[in-house]
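Student: Got a structure for you, questions after.
Read the figures in this text as sums done on the coordinates, not as results from a lab. Source: prediction; values computed, not measured. Here the Cβ is made from the backbone with ideal geometry for all residues, glycine too, and neighbour counts use every protein chain on show.
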């Protein structure tokens with residue numbers, strides 16, 4: 001499974017191309033619209049997670065080493081157990 005931010009962009013652009021296809025209509029178009037709406041919802045949640053990780057990294061970078069201990073819920077946001 002591809003889980004990088006660039007992969008999400010590729011999925012969205014592929015879906016946009018499907019929606020722009022003038023050869024689809026009716027039930028197939030409705031299915032693609034529903035799929036696009038679902039992708040928007042999932043994408044919004046993913047972006048909120050990326051935004052949180054970025055804010056945590058920025059906050060940690062602004063402090064001396066070891067000054068900010070992450071709560072256990074956020075410790076898994078990187079391979080090392082910290083976000084910075």
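Student: When the chain is fully extended, how far beyond the present Cα-Cα distance does residue 44 get from residue 12, taking 0.36 nm per residue of separation?
Tutor: On the way: separation 32, 0.36 × 32 = 11.52 nm, distance 1.18 nm.
Between residue 44 and residue 12, full extension yields 10.3 nm more.
Student: Work out how much length residue 20 to residue 59 would gain on full extension: take 0.36 nm times their residue separation and subtract the Cα-Cα distance, in nm to one decimal.
Tutor: Values: separation 39, 0.36 × 39 = 14.04 nm, distance 4.12 nm.
Here the answer is 9.9 nm.
Student: Oh, and also: What distance in nm separates the two pseudo spin-label positions at residue 32 and residue 3, each 7 Å out from Cα along the beta-carbon direction?
Tutor: Reported label-point gap for residue 32 and residue 3 is 3.0 nm.
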